[in-house]
2 protein chains.
Amino acid sequence: MKSVDTPTNCMQCPLRSSLFESLGRKELSCVHLNKREVVMEPGEQLVRSGDKITHFLYLQSGLLKLFTESDSRREQIISISRPRDFVGLLNIFSDTHHRYSMSAITDVRFCMIEVDCIKQLVDNNGFFARELLKNMSIAVDHILKDSYNLRSLQMHGRVAYVLYELSTEIFGSTGFELPLSRKEVGQMVGVSTENVIRVMSEFRQDGIIRIEGKKIYVLEPERLRLLTIRG
Amino acid sequence: MKSVDTPTNCMQCPLRSSLFESLGRKELSCVHLNKREVVMEPGEQLVRSGDKITHFLYLQSGLLKLFTESDSRREQIISISRPRDFVGLLNIFSDTHHRYSMSAITDVRFCMIEVDCIKQLVDNNGFFARELLKNMSIAVDHILKDSYNLRSLQMHGRVAYVLYELSTEIFGSTGFELPLSRKEVGQMVGVSTENVIRVMSEFRQDGIIRIEGKKIYVLEPERLRLLTIRG
DNA sequence: TTTGGAGTATGATAAATATCATATCGCTTA
DNA sequence: TAAGCGATATGATATTTATCATACTCCAAA
């Protein structure tokens, strides 16, 4: 983890979340003064479950994974955070310590705002609070939707689900560099590494995707989509 | 659904949530004037997914289930709401329509407070907003914890998990009346009805539980607990 | 009282998936 | 350059679980 030399001015941050629209000049400058801006490399871990929650994280660029690590064999990935997400927002108001671990999947850049600063904003600015509730609500919806969609699918559908979401929601393109290993895909959807590999090979043989090293090209998005709903 | 004849006065409600501690006399009386108090019988459905969200629900007594009903064969139970829970809190700030359906499992009694009233409280009272965030956070934690614990277990562990949670968290007793059918237990944890029955029979044969009609007695809580962590 | 249906129960079988074994590829490090 | 390691790949086998079939029980409606 490395602090950025020339941090962005929050007042004119191009990535500024709608969350901060409700803040006045004074409040925003408080955020600006209480934040750090940081970059990390792929694989670096920024939070270990059990760590004290000190900062509120706003992801500017790159991808992070939230995961459990009770047992390395059974590591499970809870969700992937994307640019403009508030990472780990879910439990900063109910816990003092992080419940999940976080690692950088790609190069990432994010802001760290002190939790107390955020809590003060909530207390003093109802509109901000409501935006935060909304934001949290959306994050939860997303995790629950994935969780319950996946539960009704078997392995082909599950692997298809990951590939389809990466293509449509994360990268917005039929061709992209797979940021996850086969093992990590398996940890996201509850399928063994070998079977993730097998299923991806089948998709390749069936002409649904093309695999070139780390690059994935979705050749038949519609077939992939159908797999995510019918299994 | 039947309105209660003599609704409780919010100002002296014995079940009043900590959420409302931060409200002044005036705000609380606003809640009181904008609420209905309602009872329902087991099996009655109070929300169908897709319905407009009009009220904020506070469960006074009984149990409710939140579930998806895309396909009756694949109905999944998301969570069980308990007394003092804010039911369906998760998406009232991000959606205009309910995402999940809700039914009464037992006889239930709850308050319905207009959503606009709650939103106003959030806007005007930062402490209330923060309590709400905390409440929501806890609800989410619970759902996620269950979801990810269950995923690492296979069927014996999953069934044990439900029985153990009912015993320790919902009823706080080793003997209780099972409020769910075997089918519903299966829909909670992703196991077929037949296998739920089979596993419960095995637990009975192994002396872990005793089954007397709808009554379940947990004879060996520790063995049940071990099953929920080691599978 | 009978009857039908849903819930519970148990065995047999089929399907899905994990696990084990082995091989290859690409990359880093000695 | 070689050695070693982790990721990918594929086949064979074992395990887990769903599904199908068949009873039995209990309760509510005819």
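The values are calculated or read from the model by the stated rules, or taken from the named source; none is laboratory data. Model, not experiment: these values are computed from the prediction. As a convention, Cβ positions derive from the backbone with ideal geometry for all residues, glycine included, and neighbour counts pool all protein chains shown. Each accessible area value is taken on the protein alone, full model and side chains, heavy atoms only, with ligands, DNA and RNA left out. Shrake-Rupley method; radii C 1.70, N 1.55, O 1.52, S 1.80 Å.
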**Request:** Name the strands (runs of 3 or more DSSP E) wholly inside the stretch B:60-148 in which the number of residues that are open to solvent by 10 Å² or more (accessible area, probe 1.4 Å) is 2 or more.
**Result:** B:64-68, B:76-81, B:108-114
**Checklist (1) of a type in the set (F, W, Y); (2) within 14 Å of chain B (Cβ to nearest Cβ); (3) in contact with a strand residue (DSSP E or B) (Cβ under 8 Å, 6 or more places away or on another chain) applied to A:F203, failing item** = (2)
**Asked** Restricting the stretch B:163-191 to residues that are outside any helix (DSSP H, G or I), of a type outside the set (F, W, Y) and closer than 21 Å to B:S103 by Cβ, which is nearest to DNA strand C (Cβ to nearest atom)?
**Response** B:S181
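Here's the yes/no breakdown for (1) assigned to a strand (DSSP E or B); (2) within 20 Å of B:K145 (Cα to Cα); (3) within 14 Å of DNA strand C (Cβ to nearest atom):
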residue: B:N195; (1), (2), (3): no, no, yes
residue: B:E202; (1), (2), (3): no, no, yes
residue: B:G207; (1), (2), (3): no, no, no
residue: B:T228; (1), (2), (3): no, yes, no
**Fill in**
Subset of the stretch A:149-162, residues within 11 Å of DNA strand D (Cβ to nearest atom) and in a loop (DSSP other than H, G, I, E, B), comes to A:S152, A:Q154
**Message:** Please pick out the residue among B:L89, B:L144, B:L132 that is away from DNA strand C (no atom under 16 Å from the Cβ), touching a helix residue (DSSP H, G or I) at 6+ places or on another chain (Cβ under 6 Å) and not assigned by TED's automatic domain parsing to the domain that holds B:P221.
**Reply:** B:L89
**Request:** Could you tell me whether A:S167 is more than 16 Å from DNA strand D (Cβ to nearest atom), away from chain B (no Cβ under 14 Å) and under 23 Å from A:L66 (Cβ atoms)?
**Result:** yes
**Prompt:** For the stretch A:209-226, how many residues are away from DNA strand D (no atom under 14 Å from the Cβ) and outside any helix (DSSP H, G or I)?
**Reply:** 3
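For every residue, the table says whether it meets (1) at pLDDT 95 or above; (2) on the phi > 0 side of the Ramachandran plot; (3) aliphatic (A, V, I, L, M).
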residue: B:I170; (1), (2), (3): yes, no, yes
residue: B:L180; (1), (2), (3): yes, no, yes
residue: B:M188; (1), (2), (3): yes, no, yes
residue: B:E194; (1), (2), (3): yes, no, no
residue: B:E202; (1), (2), (3): yes, no, no
residue: B:Q205; (1), (2), (3): yes, no, no
residue: B:G213; (1), (2), (3): no, yes, no
residue: B:I216; (1), (2), (3): yes, no, yes
